[in-house]
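Quick one: this structure, given as structure tokens, is what I'll be asking you about.
The values are calculated or read from the model by the stated rules, or taken from the named source; none is laboratory data. From a predicted model like this one, the values you see are computed outputs, not experimental measurements. Note that each Cβ is placed from the backbone with ideal geometry, even for glycine, and that neighbours are counted across all protein chains shown. Note: accessible area is taken over every heavy atom of the protein model, side chains too, but ligands, DNA and RNA are not part of it. Shrake-Rupley method; radii C 1.70, N 1.55, O 1.52, S 1.80 Å.
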Amino acid sequence: MTVLRLRIAIIAVMLLGSSSFAGLTVVYSQSPDSGVTVNGQVVNGTLGASPPAEVLVLALVTDGDGGLITALDAVSDEEGRFTVDGLPAVDNGRYIFSADYGGALYRTMRGAGDLDGEVRLTVYEPTEDVSLVEVTTHVQVIAEVDKTDRTVAAVEFVRLANRSDRTLVPNLDNPAQMSFLRFSLPPQSFDLNVQSDLEGRDIIPVGTGFAVTSPVPPGDHSVEFSYFFTYEGSAVAYRQGLHQGADVYQALVPEELASVRVSPLELASPMNIQDTRYQVWEAKEIGPGQGLMLEFTGLPQPGLLGRVGRSLTSAETWQVILPSILGAVLALLLILGFLRVRWTTTPMLQGRTHPPGLSEDGTP
């Protein structure tokens, strides 16, 4: 499992790259008594929207190891301006400024050695229109297959883009509206693990998959999720919903599993990731909600010993065998009971050649 998780982490870096925090500029004055004073402004990034007034801004200061040193807050005025006094000066720490606006959390930060200018914390007006979020790349990787247990380990990397000037904020009071990001899973999936750079996420089951209820602000974001699923026979088919569509959808299969095919995707150029060569199956320009009916065929099968061992330990096998065993035991008990009766009565008749009560000459 450790090797598998390392492989997943490496694939994530190779496919998605690393994320970085937005820049922060602050102006401060420092003295042994007053500490650091930060002046800033909460800015509304939605075109034509009013400046955010009376917004609570939380200022955190961390040390070089990420430990929290102090937390202070301030409230913005009618123009969105705020001031935080008395922050400690740190050499290797971070100054982090955040605000909750319209149901979404926004933040910005800067290192202690790079403080110059005024803090600008940008927020956006909320929307429940999930169609504003696009999927630029969706990559599904078959990381490992255990043919004995017929279990597949998979990981999916989804690159999102919100190119509008509003933040998607799902309406959790009306789940039927489906104003959140949804993802499909193969049948018989288990051990789902979801990671994302989106703030404040919750994972809820939806249909044959799950949903991420995080707000999605303007910009690029990523969602990564790993899981396992089992299969019977040599094929698995399911509908990959792709509710947001996808500019590019790829399924990566290690070349050591050369028999595996993924339809209706087309075979593209292979890819090397950390000394592992993958076959790449691909589709492009998939519209929102259009989806794909994916079918993985040629999945590896266990050998004879593996099939026998699996059949002996499967619940279905014991559901058939157990009643038969109980029936056989019951029949055996009945037979033993009958024989016991015969063994008990037979000695009473041994040596008799005449009816009971008569002598050997036939007289009473």
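Cut-off 12 Å, label point 7 angstrom out along Cα-to-Cβ of residue 118: give me the residues of the range 33-67 whose amide nitrogen falls inside.
So the set is 39-43.
Ok, one more. For the range 82-125, restrict the atom set to alpha-carbon positions and state the Rg and Dmax in Å.
Answer for the range 82-125, Rg first and Dmax second: 11.9, 36 Å.
For residue 222, what residues show an amide H to amide H distance below 5 Å, using hydrogens built from the backbone and excluding near sequence neighbours?
Amide H neighbours of residue 222, under 5 Å, 5+ apart: 160, 197, 198.
Expected output is a single nm value to one decimal: the length gained when fully extending between residue 58 and residue 220, i.e. 0.36 nm times separation in residues minus the C-alpha distance. What is it? List each step's numbers first, then the result.
Values: separation 162, 0.36 × 162 = 58.32 nm, distance 2.43 nm.
Additional length available on full extension: 55.9 nm.
State, to one decimal in nm, how far the label point of residue 92 lies from the label point of residue 192, with both points 7 Å from Cα in the Cβ direction.
Simple spin-label model gives 4.0 nm for this pair.
Where does the range 176-303 land on Rg/Rh, using Cα atoms and the Kirkwood Rh? Let's see the in-between values first.
Details: Rg = 15.8 Å, Rh = 16.2 Å.
Radius of gyration over Kirkwood radius for the range 176-303 works out to 0.97.
Would you tally the net charge around residue 55, using a Cβ to Cβ cut-off of less than 15 Å, leaving residue 55 out, and scoring K and R as +1, D and E as -1? Write out the running numbers ahead of the final one.
On the way: positive: 81, 107, 120; negative: 54, 73, 77, 78, 79, 100, 125.
After counting each charged neighbour, the total is -4.
Label-point separation (nm) for residue 293 and residue 258, each offset 7 Å from Cα along Cα-to-Cβ?
Here the answer is 3.1 nm between the modelled labels.
Ignoring ligands, DNA and RNA, what percent of the accessible area of the range 42-115 is carbon or sulfur (1.4 Å)? Don't skip to the end; give the middle numbers.
Numbers: 1690 of 3800 Å².
The C+S portion of the solvent-accessible surface of the range 42-115 is 44 percent.
Quick one: the Cα spread of the range 198-261 along its three principal axes, in angstroms, biggest first?
Extents along the principal axes, in whole Å: 42, 24, 18.
Let me ask you something else. In nanometres, what is the gap between the two model label sites at residue 208 and residue 172, each 7 Å from Cα along Cα-to-Cβ?
2.8
Per 0.36 nm of contour for each residue apart, how much would the distance between residue 131 and residue 237 grow if the chain were fully extended, relative to their Cα-Cα spacing? Please list the in-between numbers first.
Working: separation 106, 0.36 × 106 = 38.16 nm, distance 2.70 nm.
That works out to 35.5 nm of additional length.
Report the local net charge at residue 248: Lys and Arg +1, Asp and Glu -1, summed over other residues whose C-beta lies under 14 Å from its C-beta.
Numbers: positive: 159, 284; negative: 134, 156, 247, 266, 282, 285.
Taking every other residue near residue 248 into account, the sum is -4.
Got the relative contact order for the range 73-116 handy, in percent, Cα pairs under 8 Å and 6 or more residues apart?
Details: 38 pairs, mean separation 13.4, N = 44.
Normalised by residue count, the contact order of the range 73-116 is 30 percent.
Right, next: Regarding the range 91-167, what is the average projected area of its C-alpha convex hull, in nm²?
Details: hull surface 37.7 nm².
Mean orientational projected area (the range 91-167, Cα hull): 9.4 nm².
Relative to the present Cα-Cα distance, how much length would full extension add between residue 65 and residue 81 at 0.36 nm per residue of separation? Spell out each step's value before the answer.
Values: separation 16, 0.36 × 16 = 5.76 nm, distance 3.04 nm.
Working it through step by step, the gained length comes to 2.7 nm.
Using the 2.2 N^0.38 Å rule of thumb for compact globular proteins, work out how the range 158-230 stacks up: its C-alpha Rg over that value, please. Walk me through the numbers before you get to the answer.
Details: Rg = 12.8 Å, N = 73, 2.2 N^0.38 = 11.2 Å.
Scaled against compact globular proteins, the figure is 1.14.
Report the GluC sites (Glu not before Pro) located in the range 111-216 that are in a DSSP loop and have at most 13 other Cβ atoms inside 10 Å of their Cβ, or state none. Before the final figure, lay out the partial values.
Numbers: sites: 118, 128, 134, 144, 156, 199; in loops: 118, 128, 199.
Qualifying residues, ordered by number: 118.
Still on this structure, please answer the following. Binning every alpha carbon pair distance of the range 52-142 at 5 Å from zero, what are the percents per bin?
Each 5 Å bin holds this share of Cα pairs: 3, 11, 19, 19, 14, 11, 9, 9, 4, 1, 0.
Would you kindly derive the ³J(HN,Hα) couplings of the range 97-110 from the backbone phi angles with the Karplus curve 6.51 cos²θ - 1.76 cosθ + 1.60 (θ = phi - 60°), listing them in order in whole Hz, with x for Gly and Pro?
Taking θ as phi minus 60°, the curve returns 10, 9, 8, 9, 9, x, x, 10, 9, 10, 8, 8, 8, 8 Hz for the range 97-110.
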